[in-house]
Structure formats: structure tokens, C-alpha cells
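One structure is given below, encoded as C-alpha cells.
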Amino acid sequence: MARCSLCQREGVEGGYCSYHMTAYANLVEAFEAWKKSGELTWNGFLGAVIQAKETGGWAKDVARDLFSNGYAGK
Ligand SMILES: [Zn+2]
């Protein structure tokens with residue numbers, strides 16, 4: 001069984017466990033909303049997410065991972 005690349009929990013889909021996968025989906029959704037209102041790039045968005053005090057731990061893990069490894073989506 002594959003493990004989450006961020007927290008090593010078992011039973012993952014797509015490289016992340018359900019917690020990190022949910023955080024990833026929320027990040028992509030938030031970025032889609034931000035894109036409509038400005039010029040923010042994906043990396044700029046991730047940087048802001050990583051810096052923000054309000055960002056939860058799961059989302060921060062995912063944002064750091066995507067920031068260093070690139071956007072796995074489209
Ligand atoms: Zn995880």
C-alpha cells in the first residue's frame with residue numbers, strides 16, 4: 001500500500017492521504033478563485049499560503065510540497 005508523501009499515512013490516492021488530498025483540492029479551488037481577481041501566479045499564490053498565519057497545517061504541508069516540486073495538475 002502506498003504512503004502519503006507528506007505524512008507517511010497509508011492508504012493514499014495520488015500520492016497524498018485523504019487529509020492532504022483534501023487540503024490540495026482546497027488549495028486548487030482557492031487558486032481558481034484568486035486567479036479571476038488578479039495576476040497572481042501559482043507560485044505566488046503558494047508563497048502567500050505558506051506565509052499566511054491562517055493557513056492550516058495540512059494546507060501548509062501541501063503548499064510547501066507543491067512550491068518545491070511544481071504543480072502536478074494542468
Ligand atoms: Zn498526508
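Does GLU29 satisfy the condition of being in a loop (DSSP other than H, G, I, E, B) and either more than 16 Å from the ligand (Cβ to nearest atom) or closer than 13 Å to VAL62 by Cα (or both)? Against the criterion (in a loop (DSSP other than H, G, I, E, B) and either more than 16 Å from the ligand (Cβ to nearest atom) or closer than 13 Å to VAL62 by Cα (or both)), GLU29 does not qualify.
If the condition is being surrounded by 14 or more Cβ atoms within 10 Å (Cβ to Cβ) and of a type in the set (Gly, Ala, Ser), then segment 18-29 contributes only ALA23. Between TYR71, TYR24, the distinction of being at pLDDT below 85 and aromatic (Phe, Trp, Tyr) belongs to TYR71 only. Tell me, please, whether a residue that is touching a Gly at 6+ places or on another chain (Cβ under 9 Å), under 15 Å from LEU66 (Cβ atoms) and not in a helix (DSSP H, G or I) can be found in segment 6-15. Yes, that holds for at least one residue.
The values are calculated or read from the model by the stated rules, or taken from the named source; none is laboratory data. Everything numeric in this text was worked out from a predicted model, so none of it was measured. Virtual Cβ from ideal backbone geometry, glycine too; neighbours counted across all protein chains shown.
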